[in-house]
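Colleague: Below you'll find the structure I mean.
The values are calculated or read from the model by the stated rules, or taken from the named source; none is laboratory data. Quick caveat: nothing in here was measured; it's all calculated off a predicted structure. A quick note on method: Cβ atoms are made from the backbone with ideal geometry, for glycine too, and the neighbour counts reach across all protein chains shown. When the accessible area is computed, the model is the full protein with side chains, heavy atoms only, and any ligands, DNA or RNA have been set aside. Shrake-Rupley method; radii C 1.70, N 1.55, O 1.52, S 1.80 Å.
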Number of protein chains: 4
Amino acid sequence: MAALQRRLVDFAAARDWQPYHTPKNLAAALSVEASELLEIFQWLTPEQAERVMDDPGSAHRVRDEVADVLAYLLQFCAALGVDPLTALAAKIDRNELRFPALRRDGGVAGGAETGDRHSSE
Amino acid sequence: MAALQRRLVDFAAARDWQPYHTPKNLAAALSVEASELLEIFQWLTPEQAERVMDDPGSAHRVRDEVADVLAYLLQFCAALGVDPLTALAAKIDRNELRFPALRRDGGVAGGAETGDRHSSE
Amino acid sequence: MAALQRRLVDFAAARDWQPYHTPKNLAAALSVEASELLEIFQWLTPEQAERVMDDPGSAHRVRDEVADVLAYLLQFCAALGVDPLTALAAKIDRNELRFPALRRDGGVAGGAETGDRHSSE
Amino acid sequence: MAALQRRLVDFAAARDWQPYHTPKNLAAALSVEASELLEIFQWLTPEQAERVMDDPGSAHRVRDEVADVLAYLLQFCAALGVDPLTALAAKIDRNELRFPALRRDGGVAGGAETGDRHSSE
């Protein structure tokens, strides 16, 4: 991932795109690309959405939008000096404390109260 | 990154969240999280946005939203069997053909005509 | 709607918020609020989503986010001198030509070929 | 606005699009269209963004995306029985209490403490 991030930064520099690639613009571009990924799914039923990779055209479009989201995320992180893998590892650590796992008997490991916590993820 | 993706999938499975984590829902959640990252910047001038990591509270919020975006991207990719790094490498290859780099003399390497191609990225 | 738009503009002026309310910032804020509306639905099944107004708390949240989306849309339009109702009427006129209605016998009025045009809306 | 909302609902019904126009799908489509509006501005400086209506092509694109955002907002509201103007009027009433206006002497009308409240809008 670090190698791809380097290629993206070099790619932009070789085209004099750095003036456009401010943190604010990259955050906007990231959200625009994430919406383009969602657009593929917006009219599909949940069942149709599960099978989206069966059609070569849709599969290509999904991979292309995934690439765009990751590209802008990595460029955003490069611009601000954020390490996305470290940030994610820290977030998972925090979430393991916030949302205790279920035990096999259906209760919650660690004794915390349960309920539908998914919405507050 | 593969290890973090595995932790995310196991984390969701241990909480019985897989029924929520359909491709369509994960695409929606990814776009919602990307918007939460943008929200941090929406009222900032470009100059204020460049300094967002100087404030510990804002810096934490940025890292937290970066983690959320990456988390949903990886879970989306796991659900559909997409390899995000392979998708990104292929996209950069294609873009290197579409957008020739500038030569040092200000022209375009490869002889293609130039212009402001950034908007059609 | 014009009266509400006037109230919004006066409201921002009375708080010296105009420097923040640039067209670019308002477009970002509009997209952030639209995502907050989507967030209410992101983990719901289609059936649960149909019943979202049955719960008073969810119903309030939906109305609140609808208000935010409309507020930023009207402020964006005020900043750029766009009349949203005229723009929408013109768009519906264009779409009536692009997407012929079905006849009662299942064919398409006007003789145009049919197909699933919804995705290209 | 009510007449346009009626046209939109009839337009969808005449094309058998109601099965697609669930509340969840319309919320997703609304957020996708709001991102398409933002896309016009994503690489512009604040100054360029202020002049976006000077170019006929950009001006048309802005009006077109404004129309799409309003169209999906009105269809979403029709699907759930929400009155967007009533929702917005109620929100402005609440915000007038939350964010006291500045007095001419630079203080805050009503005696509430001030500060940069914009970010918590």
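Colleague: How many angstrom lie between the Cα centre of region D:78-95 and the Cα centre of region B:74-95?
Modeller: Centre-to-centre distance over Cα atoms comes out at 41 Å.
Colleague: Placing unit charges on C-beta atoms (Lys and Arg positive, Asp and Glu negative, everything else neutral), compute the dipole magnitude of region C:2-92 about its Cα centre in debye, rounded to 20.
Modeller: Taking the Cα centre of region C:2-92 as origin, the dipole is about 420 debye.
Colleague: Averaged across the residues of D:14-22, what count of C-beta atoms belonging to other chains lies within 10 Å of each residue's C-beta?
Modeller: Rounded to a whole number, the mean comes out at 5.
Colleague: For region B:2-92, take the convex hull of the Cα atoms, compute a quarter of its surface area, and give me that in nm², please.
Modeller: 7.4 nm²
Colleague: When Cβ neighbours within 10 Å are restricted to other protein chains, what is their mean count per residue of peptide A:54-63?
Modeller: 2
Colleague: Going 7 Å from the Cα of A:ASP54 along its beta-carbon direction, which residues of region C:28-52 have the amide nitrogen within less than 18 Å of the resulting point?
Modeller: Answer for region C:28-52: none.
Colleague: Heads up, I need the accessible area for B:ASP83: 1.4 angstrom probe, whole protein in place, Å², nearest 10.
Modeller: 80 Å²
Colleague: Any lysines with Cα under 25 Å of the B:LYS24 Cα? List them, leaving off those in the same chain fewer than 8 positions away.
Modeller: List returned: A:LYS91, B:LYS91, D:LYS24.
Colleague: What do you get for Rg/Rh of region C:40-87 when both radii come from the Cα atoms and Rh is the Kirkwood radius?
Modeller: Result: Rg/Rh = 1.16.
Colleague: What nm distance separates the two modelled labels at B:LEU85 and A:ARG61, each placed 7 Å from Cα along Cα→Cβ?
Modeller: About 2.9 nm separates the two model spin labels.
Colleague: Follow-up. So, by mean Cβ neighbours within 10 angstrom, what's the order for A:85-97, C:45-57 with the highest one leading?
Modeller: A:85-97, C:45-57
Colleague: Determine the order of B:ARG98, C:ARG6 by accessible area, beginning with the largest, at a probe radius of 1.4 Å.
Modeller: Of B:ARG98, C:ARG6, the descending order of accessible area is C:ARG6, B:ARG98.
Colleague: Name the chain B residue with the Cβ nearest the axis that maps B onto C: which is it, and what is the distance in angstrom?
Modeller: With distances in whole Å, chain B gives B:SER35, 2.
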